[in-house]
1. If I filter region A:232-269 down to residues being touching a Ser or Thr at 6+ places or on another chain (Cβ under 6 Å) and at the interface with another protein chain (Cβ under 10 Å from one of its Cβ atoms), which single residue comes out as surrounded by the most Cβ atoms within 10 Å (Cβ to Cβ)?
2. Could you figure out which of (1) hydrophobic (A, V, I, L, M, F, W, C); (2) under 28 Å from the mean Cα position of the chain (by Cα); (3) farther than 23 Å from B:Ser334 by Cβ isn't true of B:Val193?
3. Of the residues that make up region B:21-36, is at least one under 25 Å from the mean Cα position of the chain (by Cα) and more than 10 Å from chain A (Cβ to nearest Cβ)?
4. Out of region B:269-286, which residues are over 26 Å from B:Arg324 (Cα atoms) and loosely packed, with under 14 Cβ neighbours inside 10 Å?
5. Out of curiosity, is B:Asn244 free of Cβ contacts under 8 Å to residues at least 24 places away in the same chain, under 28 Å from B:Ser284 (Cβ atoms) and over 25 Å from the mean Cα position of the chain (by Cα)?
6. From the set of residues in region A:171-190 that are at pLDDT below 90 and over 14 Å from the mean Cα position of the chain (by Cα), which is farthest from A:Leu206 (Cα to Cα)?
7. Of everything in region A:184-202 that's within 10 Å of another protein chain (Cβ to nearest Cβ) and surrounded by fewer than 19 Cβ atoms within 10 Å (Cβ to Cβ), which residue is farthest from B:Val408 (Cα to Cα)?
Amino acid sequence: MIRKHENPLAFKAGFLSLLVHVIFLGILIFSFNWKAVQPANIAQVELWDSLPVEKPEPQPRPEPPKPEPKPEPKPEPPKPEPKPEPPKPEPVPEPKADIQVKKEPEKKPVEKPKEKPKEKPPEKKVEKKPEPEPDPLAELKKMMLEEQMEVKPRPPSPAPVAPSPTPAESAATQGQVDEFIRRISQKIRGNVNRQLCGSGKPELELEISLMPTGEVVGTPRLLKSSGLSACDDAVVRAVLQSQPLPVPTEPNLFARFRDLRLKFRPNDG
Amino acid sequence: MMNFRSIFAFLSLFLPLTGQAALTIEIVGGAAQQIPIAIVPFSQPAGAQLSSQQQTISDIIGADLRRSGLFRVLETRGVANQPHDIAEVRYPEWSAVQAQALTIGKIEALPGGRYKVSFRLLDVLRQNQLTGLEYEIAPAQLRLTAHRIADVIYEKLTGEPGVFSTRITYVTKVGKRYSLQVADADGFNPQSVVASNEPIISPSWSPDGTSLAYVSFEKKKPVVYIQSLVSGKRHVLANYKGNNSAPAWSPDGRRLAVVLTHAANSQIYVINEDGTGLKQLTSSRRIDTEPFWSPDGQSIYFTSDRGGSPQIYRVAVSGGDPQRVTFEGSYNVSPRISPDGKSMAFISRGQGGFKVALQDLATGQVQYLSDGRQDESPSFAPNGRLILYATTVRGKGTLAAVSADGRVKQRLSETSGDVREPAWGPAVK
């Protein structure tokens, strides 16, 4: 008798305690601005430009591979929220099934409240279905998920582009970001003098800060040297000579270009 | 407990969030070929217009940098800002003409007929000075000073030593007259070292740049001489029975390799600079010739047909069995090792003619550099970047140069008569 009593109580106590911890954790995470610049919608993109020298030619080429995954979301209305739901039933039942299979041997009264919070981690799209019991927790988790999804790579991407844009943000915006990335890369590449970089395969990294006019603030900071100071200098000159860099005029979009990390492999391609 | 585990799993997803915030862009390759540089004409001392052979100091500097193939020397006449002092520089006007570097300078008169030449090399984009130097010179040294300034600019921007202050030697034939000449690397100021009605071939520079070894037929047979460029005096290095040819100086300047036929076929010998201590290095029943020392002084590369066709071999200076070095093609001669010892320039028959080729000594990979049909006598510049050689244009011997990566090609201006047998002198301080 006593055991029966204690179990549900202990469970509830444990659950509530955990709930309070998670809430506090959420508050902790969200009250501090962990990120140096923006709070959300940050994508890390690597652009490979292995095309010939002539400027007009490379421009059309990177475009075909990139829009392939995108035309599907692009024609969709700006708010993707209703639309991504239809694909959801596919992944969602699977975790449910997994969870259900795992849970069956365990205590049944626990299943229902636990299932819902667990379904959310594997889901890739934002859900706006209201949750019965843990409303504030669910919303916090949703927001955390959104941020999470931004960092995960999208599987069927073509070779050059790695991590994917956030689903919450419109895919058209990501297309614009990619376009500016390509333009910046092209412009700087046109000024890089690889003859000053020896015969090896040097790599170097610079960090720059940009003004909305596309001008570089101060001088580029060398994060990783190529090992040849003439090569480092040539690349820094190439970046400075490429001013003003083509950056978006729209402030939210420009915010992503305010700080750029540039990785160079001058003797490749 | 399942809920703890799931929460922990959930929370572990937060770890990657502490990554960097900046957008990363990769830039692969580079399209620029040259560094755009502007050279503002130096100010002149009042009333004087110092020049050398109709070239001002900034003309000579510009010509040097342009000839290297690594610089695009911009026209400065259209720019309103014509600074001579750093305070006068207006950087935006120079970035407007796409200059990355700017050279300004002054020539001022000193008592006693001497001049002070000062210059500054400026970074137009970062708007700061890269270097600045002063020289006190006699008027006759104007040209050399211009070359030295070009060397400083070249080294500052490319990281490699410049070779604009070096000299080259070559043999001209005008009518029946042969003349061994030494000129500046830009071909100006040729001086005759020795002239004769009989052929002069195979000049070789001493490592300190003060002497030349060469082969002269003035005694109606090939004899090797060493002549001082300082005093003009010469002595016989090798005058054995038969042919004496192909002198090549060791890197320490104490010995030379030569080819003698006094015993049998052409074989390679090593001899002291004063003509003593003759030692035979190769012994084959074939022809071994055209020796060239490796920069570390340990091996000698040479041409031999011991394998049935002319190929290049390497033998230790201390003696031993020669090893074959070239394996592509049926005709490879005239080995010259780069100053860093990593590659070998030579003449190879292929692609419709005899061309300058470059072999990577580590990998054995060969690249054809020149495109003439009868190219010969390759010679490395002391910084290893350019290769001087003799080519034939419209039946006349001319000198040309090609960069070691094959990208820059230039032909030296033609003079009257034939020009052959070039050799690039060492860098001297």
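The values are calculated or read from the model by the stated rules, or taken from the named source; none is laboratory data. Source: prediction; values computed, not measured. All Cβ positions, glycine included, derive from the backbone under ideal geometry; neighbour counts span all protein chains shown.
1. Only one residue fits best here, namely A:Asp232.
2. (3)
3. Checked region B:21-36: no residue is under 25 Å from the mean Cα position of the chain (by Cα) and more than 10 Å from chain A (Cβ to nearest Cβ).
4. To start, the set of residues in region B:269-286 that are over 26 Å from B:Arg324 (Cα atoms) comprises B:272-277.
Within region B:269-286, B:Asp274, B:Thr276, B:Gly277 meet the criteria.
5. Against the criterion (free of Cβ contacts under 8 Å to residues at least 24 places away in the same chain, under 28 Å from B:Ser284 (Cβ atoms) and over 25 Å from the mean Cα position of the chain (by Cα)), B:Asn244 does not qualify.
6. Out of the qualifying residues, it is A:Ala172.
7. Initial filter on region A:184-202 (within 10 Å of another protein chain (Cβ to nearest Cβ)): A:184-199.
Still in the running and surrounded by fewer than 19 Cβ atoms within 10 Å (Cβ to Cβ): A:190, A:198-199.
On the way: A:Gly190: 19, A:Gly198: 15, A:Ser199: 15 Å.
So the residue we want is A:Gly190.
Each row is one residue, and each column tells you yes or no for (1) at pLDDT below 95; (2) aromatic (Phe, Trp, Tyr).
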| position | (1), (2) |
| --- | --- |
| B:Pro378 | no, no |
| B:Pro382 | no, no |
| B:Arg385 | yes, no |
| B:Tyr389 | no, yes |
| B:Ala401 | yes, no |
| B:Ala404 | yes, no |
| B:Arg407 | yes, no |
| B:Val419 | yes, no |
